[in-house]
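One structure is given below, encoded as structure tokens.
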Amino acid sequence: MRSTASSKSPISFLHNFGVFIVILLLIGAFALNIIEHEKSDNEDGSFSDANGSELSGPGFAITNPDGKNELIPIAPQVPMTHFRLNPTGVLFIDLEPDEQVELVVEDIAHIHGRIESKGHVSITAREIVVGDTSVIKAQHIDLFSPSGEGTISGKILAKSSDEQIGGNLNIYFQKVKLRGAFLDASGQQQGGTVQVIWEKTNPEKKGIFVDPDTVLAVSSNQIAGNMLLESSGDIDFFGTIIASGHSQGGRVKISSGLGATGLSVQGCIDVTSKNGKEGSIELDGGSNLDTSRKCPVKIPTG
């Protein structure tokens, strides 16, 4: 008697089994991709935007509201392997004025875009390059490269969000070059503090160079702030310092550990006051510049 049950040929069985295996592999690959993506975004912390800007390190997440790259720190210190922000990149660090985050970069920090925050931003790296297209704006800014060099050509603006009070800008490098830079801690009511200091860790790399196109400002419509350039090595200053204040001029000090022989000041320093007391200019060797001199330089805008 012939059986009525349908039987499948070995070829049909192998075909169906093969399709099943392929489906399992596709599901597995998809799941693996999700796991790897989540690991990249949350654990490894490596990110790259469409412009090639690379941010890597644990402790933060990247979102893109309004076309911006937003850095939301979940720890006071964010270690990174690489940091590069291209000219079109905008990085907003979400901090309150009394909050601080430190970005610690193992390699070179390349900054060519815009970094903004209302709080205290600190960047430590083996070497720091701030390009001529860059803008860094926060209430308090620290750039540290204790064993390396730094080249700054962009705008660094340290001030409150309403720009009424100048903030604090501290630059600590083995050797620093300011080329066409604008370091600004000015404020409508009161100027802040700018310090460019050579760290005493490597006697073979030392010095501060400020070119003629660089402007440093701690000016104010009321009380100007303080400016300090200090190095254990040579200081070559060809730029402009604006520390003028409507009711009180600022205080400027340029100090070389080599004394007057290690100091060359050929730029312009303005500590004038329109309706009050002029500020002070202190140079190594006890020499002083004319405190009534005004600099014919228009302060750039942020």
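Scanning the stretch 218-248 for residues that are in contact (Cβ under 8 Å) with a residue 60 or more places away in the chain and touching a Pro at 6+ places or on another chain (Cβ under 9 Å) yields one hit, 239.
Looking across the stretch 263-302, the residues that are touching a helix residue (DSSP H, G or I) at 6+ places or on another chain (Cβ under 9 Å) and modelled with pLDDT of 70 or more come down to 263, 283, 284. Of all residues assigned to the stretch 174-191, none qualifies as being small (Gly, Ala, Ser), surrounded by 24 or more Cβ atoms within 10 Å (Cβ to Cβ) and in contact with a Cys (Cβ under 9 Å, 6 or more places away or on another chain).
Restricting attention to the stretch 115-142 and to residues that are acidic (Asp, Glu) and either modelled with pLDDT under 90 or in a strand (DSSP E or B) (or both), the residue that is farthest from residue 172 (Cα to Cα) turns out to be 116. Checking each residue in the stretch 100-114 for being under 22 Å from residue 166 (Cα atoms) and at pLDDT 85 or above picks out 100, 102, 114. Counting only residues that are within 23 Å of residue 191 (Cβ to Cβ) and acidic (Asp, Glu), how many does the stretch 212-234 have? Of the residues in that region, 2 qualify.
Taken residue by residue, the stretch 100-116 has at least one member that is under 22 Å from residue 80 (Cα atoms) and small (Gly, Ala, Ser). Scanning the stretch 168-191 for residues that are closer than 14 Å to residue 157 by Cβ and either touching a residue at least 40 places away in the same chain (Cβ under 8 Å) or touching a Pro at 6+ places or on another chain (Cβ under 9 Å) (or both) returns 181, 182, 184, 185, 186, 191.
Residue 175 satisfies every condition listed in (1) over 19 Å from residue 227 (Cα atoms); (2) at pLDDT below 90 except (1). If you go through the stretch 132-151 and keep only what is under 14 Å from residue 195 (Cβ atoms) and touching a Leu at 6+ places or on another chain (Cβ under 9 Å), you end up with 140, 141, 142, 143, 150.
Checked against the criterion of being in contact with a Pro (Cβ under 9 Å, 6 or more places away or on another chain), of a type in the set (S, T, N, Q), surrounded by fewer than 23 Cβ atoms within 10 Å (Cβ to Cβ) and in contact (Cβ under 8 Å) with a residue 24 or more places away in the chain, the candidates 153, 161 yield just one match: 161. Would you tally the residues in the stretch 83-119 being surrounded by fewer than 20 Cβ atoms within 10 Å (Cβ to Cβ) and in contact (Cβ under 8 Å) with a residue 60 or more places away in the chain? Summing the residues that are surrounded by fewer than 20 Cβ atoms within 10 Å (Cβ to Cβ) and in contact (Cβ under 8 Å) with a residue 60 or more places away in the chain in the stretch 83-119 gives 1.
The values are calculated or read from the model by the stated rules, or taken from the named source; none is laboratory data. What you see is a predicted model; the values in this text were computed from it and never measured. Positions of Cβ are generated from backbone atoms using ideal geometry, with glycine treated the same way; all protein chains shown enter the neighbour counts.
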